[in-house]
Every structure is written in C-alpha cells, then in structure tokens.
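Okay, structure first, notes after.
What follows is calculated from the coordinates using simple rules that are stated; it is not laboratory data. Owing to the predicted nature of the structure, the values given are computational and were not obtained by experimental measurement. FYI the Cβ positions are ideal-geometry reconstructions off the backbone, even for glycines, and counts take in every protein chain you see.
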Amino acid sequence: MPRTGYQDDLDDLREDVLAMGQLVLGRLDDGLEALRTGDESLAREVAEGDATVNEHYLELESRCIDLFALQQPVAGDLRFVAASFKILTDLERIADLAANLGRYALAGDESLVPEVPVGDIGTAARDLVARSLDAYADRDAAACRAIHEDDDTVDALCGRASEAVARDLVEREAATDAWELERLLDDVSRLLLTVRDLERVADHAVNIAARTLYMIESDPELIY
Amino acid sequence: MSETTQAEAERTDAETAPDQPLETTSGETEEQVREEWREYAFDGRTKLAAEDLDVHYSDDHALKGVSIEIPENSVTALIGPSGCGKSTFLRCLNRMNDRIRSARVDGSVRIDGEEIYQDGVNLVELRKRVGMVFQSPNPFPKSIRENISYGPEKHGDLQTGLLARLLDRSDEDEREQLVERCLRDAALWDEVNDRLDDNALGLSGGQQQRLCIARCLSVDPEVILMDEPASALDPIATAKIEDLIDQLSEEYTVVIVTHNMQQAARISDQTAVFLTGGELVEYGDTDQVFENPHSERVEDYITGKFG
C-alpha cells in the first residue's frame with residue numbers, strides 16, 4: 001500500500017488517543033475514589049497530577065497539526081484527524097474536571113446533603129466516557145447515538161441533585177453563627193460544583209461521541 | 001507527451017488494470033452510488049453535457065459510457081490516476097480527439113444544448129468557443145503582442161499590418177485594446193505592459209502559461225479546458241494560475257485536469273473522479289468528494305491507498 005509512513009502515523013494517532021483516553025479515565029476513577037473515601041493522599045495526587053495529561057494532549061495536538069500540514073488528509077482520513085483533534089480537547093477537559101474532584105475531596109466531605117448521589121452521578125458520567133472511547137475505537141455509530149440519549153439520564157440525576165441541595169438549604173434552620181454560615185456556603189457551593197463538573201464530564205463524553213459519529217459517517221447531527 | 005504517446009500510455013494502463021471491488025463507503029452498491037451522483041444537482045445552468053460518451057483507441061476502450069453535466073461559470077476538476085481517461089474526456093469537449101487517427105468517439109457532447117458530434121460542425125468555430133491550455137506553456141515564438149492578436153487576425157476579426165493600413169482599414173486601436181484586455185484578464189498586464197514587443201519565449205514559465213491563457217481569451221471563448229496547466233510551474237507561479245482560474249470562472253466555464261488533488265480541492269466547485277478503466281466513478285461538489293466520497297474506490301484513491 002502506498003504512503004505507508006502516513007498510514008502508520010494515522011494508526012499511531014488512533015492508538016495514542018485511546019491511550020490518553022485510558023489515562024484520563026484513570027484520573028477520573030481516582031477523583032471519584034477520592035471523593036468517595038476522602039483519601040487525602042489520593043485526592044492530592046489527582047488534584048496536582050494534571051501535568052502528564054497536558055503533556056500528552058499537547059504532543060498529540062501537535063501531531064494532528066503536522067498531519068494536516070504535511071499530509072493534507074482527505075475523506076475518511078480527514079474526518080479521523082479532525083475528530084481526533086477535537087476529541088483530545090474533550091479528554092483534556094475531562095482530566096481538568098477530574099483534578100477538580102480531587103480538590104473538592106481535599107476541601108471536605110460531600111455528605112452534606114445525603115440525598116445527593118454523587119457516587120452514582122460519577123459512575124454514570126464515567127460510564128459514558130468509557131463508552132465514548134469504545135465507540136471511537138470500534139467505529140460504532142449506534143453506540144455514539146446511544147451515548148447521546150443516555151446523557152439525558154445523567155442530566156436528570158444532576159438536575160434532581162441540585163434541587164435536593166436547594167431544598168435542603170431552604171429546610172435547614174437558619175444559621176445564626178456567622179462562621180457556621182460561611183462554612184455552610186462553602187460546602188453547598190462545593191457540592192453544587194461537584195454535581196456541575198460531573199455533568200460536564202458526561203457532556204464531554206457526548207462531544208466525543210458526536211465527533212466519532214462525524215468521523216464514521218460524516219454525520220454532524222450530534223455536534224449541533 | 002504527444003497525444004499519440006499519451007493514448008498509448010492510457011492503453012497500457014487500461015490493459016494492466018486489475019478488477020476493482022464493487023464496494024462503497026456507505027455499503028451501497030456502486031450502481032446505487034452512481035444513481036446518487038447522477039441526481040447531483042448543482043446551482044446554475046448546464047453549459048456542457050456529455051451523455052454515454054465512449055472513446056476507443058483502436059480496440060482499447062479508453063472512456064466508458066461517461067455521462068456528466070457541467071455548470072456554467074464554474075470550475076470543474078477532473079482527477080484520477082494516469083490512464084483513467086480524464087485527458088481523453090477533456091479532449092472530447094472540443095473534439096481534439098479527432099486529431100488522433102485511431103480514436104473513435106461515440107455518444108453525445110452538447111454545449112448549450114447543441115450537439116458537437118454531428119455532421120456540419122465547424123471545428124474552427126468550436127475550438128474558438130472551447131479554448132484549451134496545455135501542460136507545458138507553448139507560446140508562439142513571436143512578440144507578446146502578436147501572441148494575443150494572432151488568433152483574431154487569423155480569424156479575420158482584426159485587420160492589421162501593412163495591407164490593412166494601405167487600405168485604411170487598420171484595426172490597430174482595437175488590437176491594442178484587445179491585447180491589454182486579454183493580458184489584464186490573464187493577470188499579466190502589469191508585468192509585461194512595457195515590453196509587448198519582446199519575444200514571448202523570454203518570459204518565465206509562469207508568465208508564459210498566463211500568456212497562453214491570455215491568448216486563449218483573445219478569441220472570446222465560452223469554455224476553457226486546461227490540461228494540468230500548473231504542473232510545470234513553481235509554487236508562486238502555480239498560485240497565480242490558481243487565482244487566475246478563480247477569476248476566470250466568473251465569466252467562463254473552466255474544466256481542468258489535474259494530478260494535484262490539493263489543487264483540485266483548492267480551486268474547483270465540482271470534482272469528477274475517473275478511475276482506471278475509463279469510468280467516471282464519482283461526481284459532485286468538491287467539498288463532498290474530498291470530505292465524504294460515496295465510492296470506496298474514490299476514497300482509496302484520494303487518500304492514497306490506491307494501488
């Protein structure tokens with residue numbers, strides 16, 4: 001086959017995007033674990049360990065730009081490199097959000113409002129990320145569409161969680177102590193941020209599925 | 001390459017071509033894909049239409065049942081590997097294949113609905129309407145001015161020279177206007193207006209090619225056929241030719257054969273892909289063909305997996 005070096009570059013890119021995906025999934029797992037257990041050392045490691053992902057991200061982004069500039073990919077190759085280029089950004093953002101989870105775990109526990117199922121939301125969001133990477137690896141268009149639909153479940157969980165926090169605040173007896181009030185505000189803000197970040201993790205999984213669908217079928221329906 | 005030698009090269013490639021799988025990127029049959037692009041609708045009016053066009057060189061079938069409609073005032077790129085029939089198709093559009101003794105053309109080519117393969121067609125008039133620019137710049141070994149005015153003078157559209165002056169019928173002013181207009185339209189005027197009497201062979205390759213385009217414009221064509229017009233030029237000269245093609249498409253219908261797929265992607269509105277065996281395999285908007293070709297054979301060709 002002609003252009004074997006170019007074909008090798010495309011194969012390598014695909015494998016390395018998937019490897020970065022596994023790295024990011026690992027960070028997400030660690031972030032969720034730190035939230036669940038309150039393990040300070042793990043939380044610190046996740047919060048401060050974003051540099052490795054960023055290095056991968058910049059290196060892979062640079063390789064995509066080289067492919068555009070030097071090989072001028074077209075057709076399926078063009079869609080693959082363009083999709084990968086965008087997916088890298090989503091992966092890097094998921095790693096940032098995982099680092100946030102580490103920071104929240106360091107700041108305090110998430111059991112302020114017991115009705116908020118942070119662990120369940122985290123698992124659901126994490127599951128969408130893993131499935132989006134599988135869809136990219138297997139070129140599975142049906143899986144991309146299913147991920148888009150299943151994001152509604154995560155959105156619903158997050159919506160209910162935010163409501164539960166608001167309801168809890170209203171029902172809670174007004175705090176008279178200024179220091180207590182300040183702490184309560186911090187905890188509530190952190191809990192809401194946790195829920196929002198997990199929702200965003202799921203949104204990035206949908207983005208990955210959308211770019212993957214474009215890569216497979218040249219169909220931009222999920223991008224918009 | 002001379003026309004005869006090129007025909008032989010196409011013959012050789014066609015003979016050695018392997019059978020191609022009938023696969024498409026969407027899982028449809030190749031016939032379904034063809035039906036899709038046959039229904040391809042472009043904006044604007046049809047300038048050229050070929051229908052069931054077949055070309056044989058002796059016993060070799062160089063072009064097989066090509067049907068295509070080309071819109072007016074646009075750039076249509078013909079791409080494909082060597083020997084796929086794209087230059088053969090281009091030469092059908094102004095009956096240049098008539099010059100190859102072994103060539104036999106069957107089918108129809110219409111310009112503005114008018115059949116060009118019928119008895120009584122004036123080939124000189126046809127080639128005025130459908131001009132051609134070749135791979136290697138081939139200006140006449142004459143002055144820049146004479147290169148432009150040669151055609152109109154030959155056709156009797158301009159009266160110049162000693163006899164014309166003696167008879168007081170000189171069209172000198174018209175000639176100067178024509179030379180300036182054609183050189184301006186070919187984006188060459190600013191570079192040569194102070195040396196119109198210089199021999200055209202003293203110009204650079206890129207300037208010579210633009211002079212050939214200017215010469216082509218001098219007989220007021222409607223269609224311009226270009227057979228790899230920039231393949232012998234450096235990137236700067238190529239960029240100027242590409243800009244020029246873009247400008248020309250506002251007034252003319254341009255059909256260009258190119259081996260440079262990035263060039264086809266850059267400059268054309270529609271792309272037609274011919275593959276080995278003389279078949280037109282896919283035709284559509286250029287962005288569609290380069291982002292999402294329907295045919296797997298076209299995908300393999302444009303991504304470099306062909307072969």
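Suppose R0 equals 22 Å. What FRET efficiency, 1/(1 + (r/R0)^6) with r the Cβ-Cβ distance, do A:ASP29 and A:ALA51 give to the nearest 0.05?
E(calc), rounded to 0.05, equals 0.75.
Quick one: Cα convex hull volume of chain A, Å³ per residue?
So the per-residue hull volume is 121 Å³.
Once you have the Cα-Cα distance between A:GLU149 and A:LEU193, take 0.36 nm times their residue separation minus that, and quote the gain in nm to one decimal.
Difference between extended and current length: 13.5 nm.
Taking a point 7 angstrom from the Cα of A:ASP186 along the C-beta vector, which residues in the stretch A:20-44 have backbone N less than 15 Å away?
Those under the cut-off are none; the list is empty.
Where does chain A land at 222 nm, in deg cm²/dmol rounded to the nearest 500, when only DSSP H runs of n ≥ 4 count, each adding -39500 (n - 2.57), divided by all residues?
Helix contribution divided over all residues of chain A: -29500 deg cm²/dmol.
Quick one: if the Förster radius is 51 Å, what FRET efficiency do B:LYS142 and B:ASP119 give, using the C-beta to C-beta distance and rounding to 0.05?
Result of the calculation: an efficiency of 0.90.
Modelled label-to-label distance, A:THR4 and B:ALA232, 7 Å Cα→beta-carbon offset: nm?
The two pseudo-label positions are separated by 3.6 nm.
Using a Cα-Cα cut-off of under 27 Å, which lysines could be cross-linked to B:LYS86, ignoring same-chain neighbours fewer than 8 residues away?
Answer for B:LYS86, where 27 Å is the Cα cut-off: B:LYS47, B:LYS64, B:LYS128, B:LYS240, B:LYS305, listed by chain and number.
So how tilted is helix A:141-171 from the main axis of chain A? Cα-based, degrees 0 to 90, rounded to 10.
20 degrees
Which residue, chosen from B:TYR150, B:ASN122, B:PHE290, occupies the Cα position most advanced towards the positive end of the dipole of chain B, where the dipole is computed from +1 (Lys, Arg) and -1 (Asp, Glu) charges on Cβ about the Cα centre?
Working it through, the farthest residue towards the positive pole turns out to be B:TYR150.
Counting Lys +1, Arg +1, Asp -1, Glu -1, what net charge surrounds B:ASN73 among other residues with beta carbon under 11 Å of its beta carbon?
With Lys, Arg at +1 and Asp, Glu at -1, the neighbours total -4.
Can you give me the Kirkwood hydrodynamic radius for chain B, using every pair of distinct Cα atoms, in Å to one decimal?
After inverting the pairwise mean of 1/r, the radius is 20.3 Å.
Kindly express, to the nearest 10 degrees and within the range 0 to 90, the angle between helix B:235-248's C-alpha long axis and the longest C-alpha principal axis of chain B.
Tilt relative to chain B: about 90 degrees.
Along the charge dipole of the protein assembly as shown, which of B:ASN73, A:LEU128, A:ALA47 sits closest to the positive end, that is, farthest toward it, with unit charges on the beta carbon of Lys, Arg, Asp and Glu (+1, +1, -1, -1)?
Ranked along the dipole, the leading option is B:ASN73.
So what's the back-of-envelope 222 nm ellipticity for chain B, counting only DSSP H runs of four-plus at -39500 (n - 2.57) apiece and dividing by all residues, rounded to 500?
The helix contribution divided over chain B gives -11000 deg cm²/dmol.
Any chance you could give the angle, 0 to 90 degrees and rounded to 10, that helix B:3-16 forms with the longest Cα principal axis of chain B?
10 degrees
To the nearest 0.05, what FRET efficiency results for B:ARG184 and B:SER82 with a Förster distance of 51 Å applied to their C-beta separation?
0.90
Pop a pseudo-label 7 angstrom from the Cα along the beta-carbon direction at both A:SER41 and B:ASN260 and give the gap in nm to one decimal.
6.2 nm
On average, how many beta carbons from a partner chain sit within 10 Å of the beta carbon of a residue in A:75-81?
The shielding value for this peptide is 5.
Over all alpha-carbon pairs of the protein assembly as shown, lay out the pair-distance distribution in 20 Å bins, whole %, shortest bin first.
Taking every Cα pair in the protein assembly as shown, the percentages come to 19, 37, 24, 15, 5, 0.
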